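**Q** My questions all concern the structure below.
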Amino acid sequence: MAAKETAHKEIRGTQSLVHTLADCWSRPSLLALEVAWRWLFGAPALLLLYYEGVRILSTTASQLEATGIAQFSLQDPMRSAVMVADTFAILKTPVLQTAIWLLPLLAAGWSIASGVGRNFVLRRYDPALPRKSLPLIVLQLLRIAALSGTFAVWFLAIHWAANYALSEGEPNFVLYFALVICLSLGIFTLWALLSWVFSIAPLLVLLENRGVATSLYRSVRLGPLTGKLVEVNLVMGIIKLALIVLAMVFSATPLPFESVMQGPPLYIWWTGVTLLYLAASDFFQVARLVAFVQFWRLWRGSQPNPSPTLAASK
């Protein structure tokens, strides 16, 4: 037992993560399944959003034209602010009416796709894992509800900051932006704590054959394993930020050549960069899940179907 505890302390998440990335790279079917289930939901969802957006714009076209929003320019910020406010007032009602039914539909569709798809991906990695899509769907719905609540709290906090710093007498923009930054960081930290629970719970459903409630309770009582998982989660978060920066850099690469690269070629370039970013993000998401599974097995001392990562960890 003492030797096992010593091994847990010596093995660091970032060291084993390199082997995990190589393991996932050698099994492209994991990424293919991850991309497939995301786009099986994403493609119809984008088409539906496009259809509803075109419908709303077509019914409000004459009103929007009267606002002059087509002549929007940052060179005249005061006039542009009025244009934006008038446009928002026109679009607010039809957008809210659409959002009332569209957002719950998309949330339900994403939860179903995520629950079934993620179960397929993990079973592809280890066929011994059970088929339990329903608890994963419920957990994804709870995650969406928690995220929606966090956005609602953030919006109310920003609204309060505006009323406090800008509504009386001389508007204090310095105080307003300071409040926005502090409140946003605080609420982001709160969501990071909440999302951690909803990230681990679906894995515990499969690994420990638990239900929804017991997996949520168990996810906050993992003892020394929590440190390893937090380390992996932090590294993956940094990698995702790096991917965003790289995507922005590659998107801006054609701009110095805008005289010869514009229109459709530029749009094709941006589309390709976006697709590459999404594929890379999905790959690291799969790697994070696999790393979590491997650390859990190492912690429990149960390693059926050992992978090269576990062998290297030993």
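**Q** Regarding the stretch 228-238, can at least one residue be identified that is open to solvent by less than 70 Å² (accessible area, probe 1.4 Å) and modelled with pLDDT of 85 or more?
**A** no
**Q** Examine the stretch 183-194 for a residue that is in a helix (DSSP H, G or I), closer than 22 Å to residue 289 by Cβ and over 17 Å from the mean Cα position of the chain (by Cα), and state whether such a residue exists.
**A** No: the stretch 183-194 contains no residue that is in a helix (DSSP H, G or I), closer than 22 Å to residue 289 by Cβ and over 17 Å from the mean Cα position of the chain (by Cα).
**Q** Still on this model: Test residue 89 against the stated conditions and say whether it is under 28 Å from residue 114 (Cα atoms), small (Gly, Ala, Ser), modelled with pLDDT of 85 or more and surrounded by fewer than 13 Cβ atoms within 10 Å (Cβ to Cβ).
**A** No.
**Q** Looking only at the stretch 268-291, decide whether some residue is outside any helix (DSSP H, G or I), open to solvent by less than 40 Å² (accessible area, probe 1.4 Å) and farther than 30 Å from residue 150 by Cα.
**A** no
**Q** Might you check whether a residue that is open to solvent by less than 40 Å² (accessible area, probe 1.4 Å) and modelled with pLDDT of 90 or more occurs anywhere in the stretch 190-197?
**A** No, the stretch 190-197 has no match at all.
**Q** Return the residues of the stretch 131-165 that are out of contact with any Leu (no Cβ under 6 Å at 6 or more places or on another chain), more than 22 Å from residue 107 (Cβ to Cβ), open to solvent by less than 80 Å² (accessible area, probe 1.4 Å) and modelled with pLDDT of 90 or more; say none if nothing qualifies.
**A** Of everything in the stretch 131-165, just one residue is out of contact with any Leu (no Cβ under 6 Å at 6 or more places or on another chain), more than 22 Å from residue 107 (Cβ to Cβ), open to solvent by less than 80 Å² (accessible area, probe 1.4 Å) and modelled with pLDDT of 90 or more, namely 158.
The values are calculated or read from the model by the stated rules, or taken from the named source; none is laboratory data. Quantities reported herein were computed from a predicted structural model and do not represent experimental measurements. Methodologically, a virtual Cβ is constructed for each residue, glycine included, from the backbone with ideal geometry; neighbour enumeration extends over all protein chains shown. The area values use the complete protein model at the heavy-atom level, side chains included, leaving out ligands, DNA and RNA. Shrake-Rupley method; radii C 1.70, N 1.55, O 1.52, S 1.80 Å.
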